[in-house]
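Here the structure comes first, spelled out in structure tokens, and everything after it is commentary.
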Amino acid sequence: MECGGFVYGVFLEFVFIFFLIISTDVTALVEEIQKGEPLITAPCLEHVIHLVQRLQEKLGEKQIHKFSLFKVLRTHILPLTNVAFNKSGSRFITGSYDRTCKLWDTASGEELHSLEGHRNVVYAIAFNNPYGDKIATGSFDKTCKLWSTETGQCYHTFRGHSAEIVCLSFNPQSTLLATGSMDTTAKLWDLEKGEEVATLNGHSAEIIALSFNTTGDRIITGSFDHTVAVWDVGTGRLLHTLIGHRGEISSAQFNWDCSLIVTGSMDKTCMLWNAVTGTHIATLAGHSKEVLDVCFDYAGQRIATASADGSARVYNAGTKQCIAKLEGHEDEISKVCFNPKGNCILTASSDKTARLWDAATGHCLQILEGHADEIFSCAFNYKGDKIITGSKDNSCRIWH
């Protein structure tokens, strides 16, 4: 394609949007990046500037998409544990106490595959996004399985943990899978060979959260021992232990450029850390009960926290100040996430509703009602035009 269309498309999607704001001088931005980017040749400069200007226009669109209920799916007989979209939102998966993971077509609601073989609860599930051709399932049977999205075939069963697997994640390159277990360890697995690459030993209690950075060379693990550990993926070596929380870790995440780590804890606080040195930067206080989930927006400029006190908060990652309080839920909020554009926040609550909020003002934009029991999981697709909610009422709801 002219000017390497595919390469530029990926480049623009994953680079420019993170530096672009409404007031950015687009020409100056592109020229500055061109200095260190051989892909942007002189003949293509105007084309790239035009594409970035179109992105900037999209960022300037003020209207927030109103979501409506598209489908209700009764996915399993026994309770759900987790739900997840593929990148486009065309497929989603559900894990359950019935020992299966099911793959669904979002548009039709048709069950495409039932991934069977685990001998206990299927608790942790994920697509290898952005590719979406593989699914991983982690179970209370102490094993993890890798599946083909296309055929439903099981490629590998990863054995080695001595207790329940409760969290997992693919690396960005989709060459490794990380699993976290109640046995206090995390393990890295080679997807091609189906073999264990490393065991991450160092925690003194259960690991309940883990996350790769965007380059895939670091992984963090959060534990009930009140600490978060930073590991070198290539060697399996412990680089830093983030000590400071006074309660169990609930959530941990890198920002986009891998410079910061945010952690949430049962001690009612969220902490910000330097990802390179492991030093504590700030404690983000304000919640009156446990912090159950934390996340960065895609640009790494804002942090959202969800709490058992029924509120969520938005903090500026630069100033460390609380810029919005999201109040309105009538029970604890267990999940929070930004839409890809970063202007909207989605929360899931035990009050049986999910809510959409303006990320800048904290104003409630929409209440997603209809579930008959608490909502424990929610997610946007990559485009931000679909939402999935999973509830203890054993149903998934798709919102468009």
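The values are calculated or read from the model by the stated rules, or taken from the named source; none is laboratory data. None of these values were measured; they are calculated from a predicted model. No Cβ is skipped: glycine too gets one built from the backbone with ideal geometry, and neighbour counts run over all protein chains shown. These area figures cover heavy atoms from the full protein model, side chains too; ligands, DNA and RNA do not enter into them. Shrake-Rupley method; radii C 1.70, N 1.55, O 1.52, S 1.80 Å.
Quick one: if the Förster radius is 51 Å, what FRET efficiency do residue 392 and residue 42 give, using the C-beta to C-beta distance and rounding to 0.05?
Values: r = 58 Å, r/R0 = 1.14.
That pair, residue 392 with residue 42, gives E of 0.30.
I need to check one value: relative contact order of region 299-383, counting alpha carbon pairs closer than 8 Å and at least 6 residues apart, in percent.
Dividing the mean separation by the residue count of region 299-383 yields 23 percent.
Using the heavy atoms of the protein chains alone and a 1.4 angstrom probe, what is the accessible area of the chain per residue in square angstrom? Working shown, then result.
Numbers: 17200 Å² over 400 residues.
Counting only protein heavy atoms, the per-residue value for the chain is 43 Å².
Mean sequence separation of contacting Cα pairs (under 8 Å, at least six apart), scaled by the length of region 198-275, corresponds to a relative contact order of 25 percent.
Using the Karplus curve 6.51 cos²θ - 1.76 cosθ + 1.60 with θ = phi - 60°, what ³J(HN,Hα) values do you get for each residue of region 259-272, in whole Hz, with x for Gly and Pro? Per residue, the Karplus-derived 3J(HN,Hα) values read 8, 10, 10, 10, 10, x, 9, 5, 7, 6, 10, 10, 10, 10 Hz.
Of the GluC sites (Glu not before Pro) found in region 280-346, the ones in coil according to DSSP and having at most 14 other Cβ atoms within 10 Å of their Cβ are 330.
Counted residue by residue at 0.36 nm each, then reduced by the alpha carbon distance between them, the extension gain from residue 201 to residue 25 reaches 58.6 nm.
Just the C-alpha atoms of region 327-377: what Rg/Rh do they give, with Rh taken as the Kirkwood radius? Please list the in-between numbers first.
Numbers: Rg = 10.4 Å, Rh = 10.9 Å.
On the Cα set of region 327-377, Rg over Rh gives 0.95.
Each of residue 53 and residue 192 was given a label point 7 Å from its Cα along the Cα-to-Cβ line. The distance between the two points is 4.4 nm.
Could you give the semi-axes, largest first, of the ellipsoid that matches region 353-400, computed as the square roots of 5 times the alpha carbon gyration tensor eigenvalues and rounded to whole Å? Working shown, then result.
Details: eigenvalues 76, 37, 13 Å².
Value: 19, 14, 8 Å, ordered largest first.
Note on the chain: with a GNM built from Cα contacts shorter than 10 Å, the maximum mean-square fluctuation among 272, 368, 29 falls on 29.
How would the chain be classified by its alpha-carbon gyration tensor: rounded, prolate or oblate, with rounded meaning a/c under 1.5 and the a/b versus b/c comparison settling the rest? It would help to have the intermediate numbers written out before the result.
Working: a/c = 1.24, a/b = 1.22, b/c = 1.02.
It comes out rounded by the Cα gyration axes.
Structural descriptor for the chain: relative contact order 10 percent, calculated from alpha carbon pairs under 8 angstrom and at least 6 residues apart.
Residues whose amide H lies under 5 Å from that of residue 197, counting only those 5 or more places away or on a different chain, are 188, 189, 190; hydrogens are built 1.01 Å from N in the peptide plane. Projected label points at residue 87 and residue 232, each 7 Å from Cα along the beta carbon direction, are separated by 3.1 nanometres.
Summarising the amide proton neighbourhood of residue 377: residues at separation of 5 or more, or on other chains, whose placed amide H is nearer than 5 Å comprise 390.
Of the accessible area of region 193-281, with the probe set at 1.4 angstrom, what percent is carbon plus sulfur? Before the final figure, lay out the partial values.
Details: 1740 of 3660 Å².
Here it works out to 48 percent.
Based on the Cβ-Cβ distance from residue 360 to residue 327, what FRET efficiency comes out when R0 is 25 Å, to the nearest 0.05? Efficiency, rounded to the nearest 0.05: 0.95. Which residue, 34, 173, 56, tops the fluctuation ranking in a GNM of the chain built on C-alpha contacts under 10 Å? Judging by the Gaussian network model, the answer is 34. Working from label points 7 Å from Cα in the Cα-to-Cβ sense, the residue 289 to residue 78 distance is 2.8 nm.
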